[in-house]
There are 2 protein chains.
Amino acid sequence: MPRVHNFGAGPAMLPEPVLQQAAAEMLDWHGSGMSVMEMSHRGKEFIAIHAQAEADLRELLSIPKNYKVLFLQGGAAAQFAVVPLNLLRGKDRADYALTGYWSKRAIAEARRYCKVNIAASSEDGKFSYAPAQDKWKLDPGAAYVHMTSNETIDGVEFHWVPETGDVPLVADASSHILSRPLDVGRFGLIYAGAQKNIGPAGLTIVIVREDLTGQADPHTPSVFDYKVQAEADSMTNTPATYAIYIAGLVFQWLKQLGGLARMEELNVAKAKLLYDYFDQTEFYYSPVAKSDRSRMNVPFRLRNDKLDTEFLKQAESAGLTQLKGHRAVGGMRASIYNAMPLSGVQALLDFMRQFERKHG
Amino acid sequence: MPRVHNFGAGPAMLPEPVLQQAAAEMLDWHGSGMSVMEMSHRGKEFIAIHAQAEADLRELLSIPKNYKVLFLQGGAAAQFAVVPLNLLRGKDRADYALTGYWSKRAIAEARRYCKVNIAASSEDGKFSYAPAQDKWKLDPGAAYVHMTSNETIDGVEFHWVPETGDVPLVADASSHILSRPLDVGRFGLIYAGAQKNIGPAGLTIVIVREDLTGQADPHTPSVFDYKVQAEADSMTNTPATYAIYIAGLVFQWLKQLGGLARMEELNVAKAKLLYDYFDQTEFYYSPVAKSDRSRMNVPFRLRNDKLDTEFLKQAESAGLTQLKGHRAVGGMRASIYNAMPLSGVQALLDFMRQFERKHG
């Protein structure tokens, strides 16, 4: 079967050249006589793969030297607990922005470890916007400020970085990391599950300012102590080696494409195609405030939601898959991560226009 | 380059037919138009892969119905913390058998959560044997008894299951799970990192008796609460989907081969080739007590250890890789997991004989 246009929110599409290379190298990586899956994580072959992946990620995001890059396991959901375990540093409270489904999950988990102050919220608007800077009520005694910089389900993206003074800013950037340049120095810590813009599920990347490590709660499992993993180059135990290898191929693909500035141009163009259409038609609409619309996750609705099922059925037949919105919010959602080509978005747009003509 | 004979301790060899199938399906799994890496973990395709993997594992190990099978992340090293977090259940202490490098690591981590009673130890014999049942000093008030049922580095394997009465027995079976049939009902919990006999690093399998779940310490990250994951079919967050898929292919390979009874016969034959040789020659020796020698990890020494470097160099040239013993113990080690064919062990034996003739 030809490859489908996969609009799933994650695990999501990967660049086809990456998959092709992975398939070609599956039984013998670079004449080593081994699959990357079969390599010792402490052998020279994998050490080289790991070091290259970290170097490329550092280059792509211009990560300052005083930040550690960790390749961990457990997903962003593990970080919901691991962030407070590492960053409370003896304090009893943290600030959280409540901006959608995933920040809600992060907050619920954080409440098991500390007092949570909701520093900003868009709950009053059904999570359809990003709270403006002047609405944030920050607590100077907070251990950190947590934000979900792109809400995968609600489709709300921060296109700016909140100012949090001396309190370190922590971002769950899972669903938009590497979609554009990022001023890492504005953050104390950035984490991201790999399965959207990085690689296979099972890998979690943590970028953490060095001075914030080393004061983990005694209950922190050692493999989740940032300091322990930083000192061991993420190898206090066996890391998810194959996932790191695939991530490394994705980083190389991004570099060949021209890096994150170029990637951003492409992502802006893709998202614009869809949002411009929503703003012209009466048939579909975007529930998200114009200034805060995500370039990665594009939720949309049919004004006549009785047509939802038919829309999804016909889309599936046309090779446009996983367009159903998350069960928590309903409607439709097109996730158009880095790996989604413009032609895929164009195919979706063509289908939507055709569907509108037929049913509008 | 032809595929090497890879004697690495893990991540380790995988069955070649598994790698071939993974390569062939990389861009399009079963006509889905997607790689398994690109599938939603909640989509029908991956749900089927996941369910089949669990069903096959249950069949291979004859896992009783009152045990949950969890596909987690973090490695066995995460379980060193997660086991006490889940199984202490309000108690303040646990029994541990100290039988080598990995039980030592498990004990060090457990001490961060509870009092550890060393119920049995082979430290007096430099971890060269498995302490006999009558040497165990069990504490009836212990929350559980922990053993490392195969010590990957020391090459000591329990070929019997200790009797622990009403106190649940917990085994780190990472390096010999699936190498032979196992009476799961004798254990409260069995855990294993995948990267030896199961699949890629980044997947951890936990088989846990249902009544032991549900009393996790409040500090347990939710993704590591056995009850939470059991109720969510290991999907309270996105699991390591691709690693689960590869593990599923390995399970099918094992079933086609004839299951674990047949696998055990093959493993006995492979290990016997090496150990019989060590017991005949004066040139090499096994440091492990005859009754407790591991069928999976075979440490051995040259009587003249000045030849070690030359041995490893020539072995590497002959396509026999990763024979160097762990840095903690030195010497040599041949890991001969399920995926290592008899022909690979024969090739090693031929090389060792030749080396002995030249240097003996």
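The values are calculated or read from the model by the stated rules, or taken from the named source; none is laboratory data. Not measured: the values here are computed from a predicted model. Here the Cβ is made from the backbone with ideal geometry for all residues, glycine too, and neighbour counts use every protein chain on show.
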Go through the stretch A:1-15 and count every residue that is facing chain B (nearest Cβ under 10 Å), out of contact with any Leu (no Cβ under 7 Å at 6 or more places or on another chain) and in contact (Cβ under 8 Å) with a residue 60 or more places away in the chain.
10
If you go through the stretch A:109-120 one residue at a time, do you hit one that is touching a strand residue (DSSP E or B) at 6+ places or on another chain (Cβ under 7 Å), surrounded by 13 or more Cβ atoms within 10 Å (Cβ to Cβ), among the aromatic types (Phe, Trp, Tyr) and closer than 22 Å to A:Tyr191 by Cα?
no
Out of the residues in the stretch A:21-59 that are part of a helix (DSSP H, G or I) and within 7 Å of another protein chain (Cβ to nearest Cβ), state the one that is surrounded by the fewest Cβ atoms within 10 Å (Cβ to Cβ).
A:Ala23
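For the stretch A:227-244, how many residues meet the condition of being more than 14 Å from every other protein chain (Cβ to nearest Cβ) and touching a strand residue (DSSP E or B) at 6+ places or on another chain (Cβ under 6 Å)?
1
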Regarding the stretch A:203-222, can at least one residue be identified that is buried (at least 16 other Cβ atoms within 10 Å of the Cβ), part of a helix (DSSP H, G or I), in the same structural domain as A:Thr152 (by TED's automatic domain parsing) and not aliphatic (A, V, I, L, M)?
yes
Taking the stretch B:100-123 and keeping residues touching a Pro at 6+ places or on another chain (Cβ under 7 Å) and not small (Gly, Ala, Ser) leaves B:Arg112, B:Tyr113, B:Cys114
Name the single residue, out of those in the stretch A:212-226 being touching a Pro at 6+ places or on another chain (Cβ under 9 Å) and over 13 Å from A:Ala78 (Cα atoms), that is farthest from the other protein chains (Cβ to nearest Cβ).
A:Leu212
Can you confirm whether the stretch A:237-257 contains a residue that is of a type in the set (D, E, K, R), out of contact with any helix residue (DSSP H, G or I) (no Cβ under 7 Å at 6 or more places or on another chain) and either surrounded by 24 or more Cβ atoms within 10 Å (Cβ to Cβ) or in contact (Cβ under 8 Å) with a residue 60 or more places away in the chain (or both)?
no
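Could you look through the stretch B:294-312, keep only residues that are over 21 Å from B:Pro11 (Cα atoms) and charged (D, E, K, R), and pick out the one that is surrounded by the most Cβ atoms within 10 Å (Cβ to Cβ)?
Quick first cut of the stretch B:294-312, residues over 21 Å from B:Pro11 (Cα atoms) only: B:301-311.
Still in the running and charged (D, E, K, R): B:301, B:303, B:305-306, B:308, B:310.
Details: B:Arg301: 19, B:Arg303: 11, B:Asp305: 12, B:Lys306: 8, B:Asp308: 17, B:Glu310: 13.
This residue is B:Arg301.
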Only one of A:Asp166, A:Asp154 is assigned by TED's automatic domain parsing to the domain that holds A:Gly74, touching a helix residue (DSSP H, G or I) at 6+ places or on another chain (Cβ under 8 Å) and either without any contact (Cβ under 8 Å) to a residue 24 or more places away in the chain or assigned to a loop (DSSP other than H, G, I, E, B) (or both); which?
A:Asp154
Single unsatisfied condition, A:Gly185 versus (1) part of a helix (DSSP H, G or I); (2) over 30 Å from A:Asn297 (Cα atoms)
(2)
Contacts under 8 angstrom Cβ, first residue in the stretch A:77-101 being more than 13 Å from chain B (Cβ to nearest Cβ) and crowded, with 24+ Cβ neighbours inside 10 Å, partner of a type in the set (Gly, Ala, Ser) and in a loop (DSSP other than H, G, I, E, B), 6 or more apart
A:Leu87/A:Ala143; A:Leu87/A:Gly188; A:Ala94/A:Ala142; A:Ala94/A:Ala143; A:Asp95/A:Ala142; A:Thr99/A:Ser122; A:Thr99/A:Ala130; A:Gly100/A:Ser122
Going residue by residue through the stretch B:273-294, is there one that turns out to be in a loop (DSSP other than H, G, I, E, B), touching a residue at least 40 places away in the same chain (Cβ under 8 Å) and among the aromatic types (Phe, Trp, Tyr)?
yes
Which condition number does B:Leu273 fail, the rest of (1) more than 14 Å from chain A (Cβ to nearest Cβ); (2) more than 20 Å from the chain's Cα centre (by Cα); (3) within 30 Å of A:His219 (Cβ to Cβ) being met?
(3)
Please determine whether any residue of the stretch A:315-330 is in a helix (DSSP H, G or I), outside the structural domain of A:Ala173 (by TED's automatic domain parsing) and either touching a helix residue (DSSP H, G or I) at 6+ places or on another chain (Cβ under 9 Å) or closer than 28 Å to A:Ala130 by Cα (or both).
yes
Looking at the stretch A:121-141, I want the residues that are assigned by TED's automatic domain parsing to the domain that holds A:Pro162 and have a partner that is among the aliphatic types (A, V, I, L, M) and surrounded by fewer than 17 Cβ atoms within 10 Å (Cβ to Cβ) with Cβ atoms under 6 Å, at least 6 apart or on another chain. Which pairs are those?
A:Ser128/A:Ala289; A:Tyr129/A:Ala289
The lone exception for B:Leu260 - which of (1) within 14 Å of chain A (Cβ to nearest Cβ); (2) among the hydrophobic types (A, V, I, L, M, F, W, C); (3) over 14 Å from B:Leu348 (Cβ atoms) it fails
(1)
Within the stretch A:303-318, is even one residue within 22 Å of the chain's Cα centre (by Cα) and in contact (Cβ under 8 Å) with a residue 12 or more places away in the chain?
no
Flag for A:Val345 being under 20 Å from the mean Cα position of the chain (by Cα), assigned to a helix (DSSP H, G or I), within 20 Å of A:Glu264 (Cα to Cα) and among the β-branched types (Val, Ile, Thr):
yes
